[in-house]
Amino acid sequence: MQIFEGTILAGESFEPVRGELVVEDGRIAAVDEVQTASADIIVPAFVNAHTHLGDSVAKGAAVGLSLEEAVAPPDSLKHRELAAADRAELVTAMRRTLRYMGRTGTAACLDFRENGPSGARSLRDAAEPTDVDPFIFGSGDPSVLDVADGYGASGANDDEFSQERATADERGVPFAIHAGEPDATDIHPALDLEPDLLVHMVHAEQEHLDRVTEHSVPVAVCPRANTVLDVGRPPIRELLDHTTVALGTDNVMLNAPSMFREMAFTAKQFDVSDREVLRMATAAGAEIAGLDCGVIEPGRRAAFTVLDGDSDNLVGAADVDPVHAVVRRATGLDVKEVVL
């Protein structure tokens, strides 16, 4: 049995509980309100709802490039870098990114993995010695679903994905697709595929939001990446009013996969509450992928981060509003311990 003391952001609403969190056999046994002198803040582990971990071989390479030049298939800089990387280099680079994610409180990520079955196997191998669990959306031939957890399509304007969608349905695994990143023209075609997850939706309009609500399709947004690529700002407030919205960091070559940075940017740039942002970074992604994490409550997997509320950065702020402090101020330097 392990006991962690401090301010626990517990349950679906992240209400601060001053007390102790009890862990037994890898699961949360109790969250009890007791007297404690600890300044620690205990936060659910993050679920990064959209990553491209293969880009770990090309950090910083796309600075100043447009969306088309940086990441569009099949001839962008990203795809040239992936083609040039040998397997050992790729696995090592992805593993180092996963280690960074684990150290900064991320338990899982929903990764769009390029290069078919071999790409998915490379990510499995990269993750094996780490504590972070990638939920792999494979690409290419539908046979990738022999290895991957779901299928991840680049976009409805790039190709025709009806066979991949049908195979995912037959296998009982999710089908995800990018939509509305450069413009709105691929949103309706993406929705026609009845996806289980839409990514980006930067240019979503009311007609698209109505369909998202009708079919209860969750959305992963990546506001920092959208800003770097200068494609616009996702309508996060409107999306939240219509469906489940989760937060992702997108391409590793564009931004560090830090959920602290993504939360702070989102909270400061969009019409969203701190609690909504924290849910986007934790419970929402877990819910989309069916993962047993993202919420601190008895019976759940023990997956959480202990922040030092008395750090030089957080001291004082955590006493005023711990959720605000976590979302808008905390960084990886404030992490005291990660339990995954």
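The values are calculated or read from the model by the stated rules, or taken from the named source; none is laboratory data. Because the structure is a prediction, the values reported are computed rather than measured. Backbone-built Cβ (ideal geometry, glycine too); neighbour counts: all protein chains shown.
Scan Leu110, Leu90, Leu82, Leu98 and give me the residue that is aliphatic (A, V, I, L, M), within 15 Å of the chain's Cα centre (by Cα) and not in a strand (DSSP E or B). Before the answer, list the steps.
Values: Leu110 fails: not in a strand (DSSP E or B); Leu90 fails: within 15 Å of the chain's Cα centre (by Cα); Leu82 fails: within 15 Å of the chain's Cα centre (by Cα).
Sole residue among the options that is aliphatic (A, V, I, L, M), within 15 Å of the chain's Cα centre (by Cα) and not in a strand (DSSP E or B): Leu98.
Within the stretch 85-94, identify whether any single residue is charged (D, E, K, R), at pLDDT below 95 and farther than 23 Å from Phe304 by Cα, and answer yes or no. Quick ask: steps written out before the conclusion?
First, pick out the residues of the stretch 85-94 that are charged (D, E, K, R): 86-87, 89.
Those still in the list that are at pLDDT below 95 too: 86.
Next cut, farther than 23 Å from Phe304 by Cα only: 86.
There is at least one residue in the stretch 85-94 that is charged (D, E, K, R), at pLDDT below 95 and farther than 23 Å from Phe304 by Cα.
Would you check if Pro142 is of a type outside the set (Ser, Thr, Tyr), assigned by TED's automatic domain parsing to the domain that holds Ser216, closer than 28 Å to Ala88 by Cβ and over 21 Å from the mean Cα position of the chain (by Cα)?
Working: of a type outside the set (Ser, Thr, Tyr): yes; assigned by TED's automatic domain parsing to the domain that holds Ser216: yes; closer than 28 Å to Ala88 by Cβ: yes; over 21 Å from the mean Cα position of the chain (by Cα): yes.
So Pro142 passes the test.
Considering every residue within the stretch 63-83, establish whether at least one is more than 21 Å from Val228 (Cβ to Cβ) and hydrophobic (A, V, I, L, M, F, W, C). Reasoning before the result, please.
First, the residues of the stretch 63-83 that are more than 21 Å from Val228 (Cβ to Cβ): 74, 83.
From what's left, hydrophobic (A, V, I, L, M, F, W, C): 83.
Yes, the conditions are met somewhere in the stretch 63-83.
Anything in the stretch 112-133 that is acidic (Asp, Glu) and in contact with a helix residue (DSSP H, G or I) (Cβ under 6 Å, 6 or more places away or on another chain)? List them, or say none. Full working, then the answer.
Pass one, the stretch 112-133, residues acidic (Asp, Glu): 114, 125, 128, 131, 133.
Within the stretch 112-133, Glu114, Asp125, Asp131 meet the criteria.
Would it be correct to say that Ser216 is within 14 Å of Val327 (Cβ to Cβ) and surrounded by fewer than 19 Cβ atoms within 10 Å (Cβ to Cβ)? Walk me through it before giving the result.
Values: within 14 Å of Val327 (Cβ to Cβ): no; surrounded by fewer than 19 Cβ atoms within 10 Å (Cβ to Cβ): yes.
No; evaluated as a whole, the condition is false for this residue.
Given the residues Ser118, Ser56, Ser66, Ser76, which is the only one that is without any contact (Cβ under 8 Å) to a residue 12 or more places away in the chain, farther than 30 Å from Gly6 by Cβ and of a type in the set (Ser, Thr, Tyr)?
Values: Ser118 fails: without any contact (Cβ under 8 Å) to a residue 12 or more places away in the chain; Ser56 fails: without any contact (Cβ under 8 Å) to a residue 12 or more places away in the chain; Ser66 fails: without any contact (Cβ under 8 Å) to a residue 12 or more places away in the chain.
Exactly one of Ser118, Ser56, Ser66, Ser76 is without any contact (Cβ under 8 Å) to a residue 12 or more places away in the chain, farther than 30 Å from Gly6 by Cβ and of a type in the set (Ser, Thr, Tyr), namely Ser76.
Output the number of the condition that Gly248 fails; it satisfies all remaining conditions of (1) among the small types (Gly, Ala, Ser); (2) surrounded by fewer than 22 Cβ atoms within 10 Å (Cβ to Cβ); (3) under 12 Å from the mean Cα position of the chain (by Cα).
(2)
Report the residue count in the stretch 134-168 for those that are charged (D, E, K, R) and in contact with a helix residue (DSSP H, G or I) (Cβ under 7 Å, 6 or more places away or on another chain). Steps first, please.
Here is the first cut: in the stretch 134-168, the residues charged (D, E, K, R) are 141, 146, 149, 158-160, 164-165.
Of the ones still in play, those that are also in contact with a helix residue (DSSP H, G or I) (Cβ under 7 Å, 6 or more places away or on another chain) are 141, 146, 164.
Qualifying residue count for the region: 3.
Going residue by residue through the stretch 192-203, is there one that turns out to be among the aliphatic types (A, V, I, L, M), in the same structural domain as Thr51 (by TED's automatic domain parsing) and surrounded by fewer than 18 Cβ atoms within 10 Å (Cβ to Cβ)?
Of the stretch 192-203, the ones among the aliphatic types (A, V, I, L, M) are 193, 197-199, 201-202.
Within this subset, residues satisfying the condition of being in the same structural domain as Thr51 (by TED's automatic domain parsing) are 193, 197-199, 201-202.
Keeping just the survivors that are surrounded by fewer than 18 Cβ atoms within 10 Å (Cβ to Cβ) gives none.
Scanning the stretch 192-203, I find no residue that is among the aliphatic types (A, V, I, L, M), in the same structural domain as Thr51 (by TED's automatic domain parsing) and surrounded by fewer than 18 Cβ atoms within 10 Å (Cβ to Cβ), so the answer is no.
Confirm whether Glu68 is under 25 Å from Val219 (Cβ atoms), assigned to a helix (DSSP H, G or I), among the acidic types (Asp, Glu) and touching a Leu at 6+ places or on another chain (Cβ under 9 Å).
On the way: under 25 Å from Val219 (Cβ atoms): yes; assigned to a helix (DSSP H, G or I): yes; among the acidic types (Asp, Glu): yes; touching a Leu at 6+ places or on another chain (Cβ under 9 Å): no.
So Glu68 does not fit the description; no.
Take the residues in the stretch 1-47 that are among the aliphatic types (A, V, I, L, M) and not in a strand (DSSP E or B); name whichever of them is surrounded by the most Cβ atoms within 10 Å (Cβ to Cβ). Show your work before the answer.
Within the stretch 1-47, the first condition is being among the aliphatic types (A, V, I, L, M), and the residues that meet it are 1, 3, 8-10, 17, 21-23, 28-31, 34, 37, 39, 41-43, 45, 47.
With not in a strand (DSSP E or B) added as a condition, the list becomes 1, 34, 37, 39, 45.
Numbers: Met1: 7, Val34: 10, Ala37: 6, Ala39: 17, Ala45: 28.
Out of the qualifying residues, it is Ala45.
Can you name every residue in the stretch 240-260 that is touching a helix residue (DSSP H, G or I) at 6+ places or on another chain (Cβ under 7 Å) and free of Cβ contacts under 8 Å to residues at least 60 places away in the same chain?
We begin by selecting, within the stretch 240-260, every residue touching a helix residue (DSSP H, G or I) at 6+ places or on another chain (Cβ under 7 Å); these are 240, 242-247, 249-255, 257-260.
Across the stretch 240-260, the qualifying residues are Leu240, His242, Thr243, Thr244, Val245, Asn255.
Only residues that are out of contact with any helix residue (DSSP H, G or I) (no Cβ under 6 Å at 6 or more places or on another chain) and under 25 Å from Val173 (Cα atoms): list them for the stretch 198-208, please. Spell out the reasoning first.
Residues of the stretch 198-208 that are out of contact with any helix residue (DSSP H, G or I) (no Cβ under 6 Å at 6 or more places or on another chain), as a first pass: 198-201, 203-207.
Hits for the stretch 198-208 are Leu198, Val199, His200, Met201.
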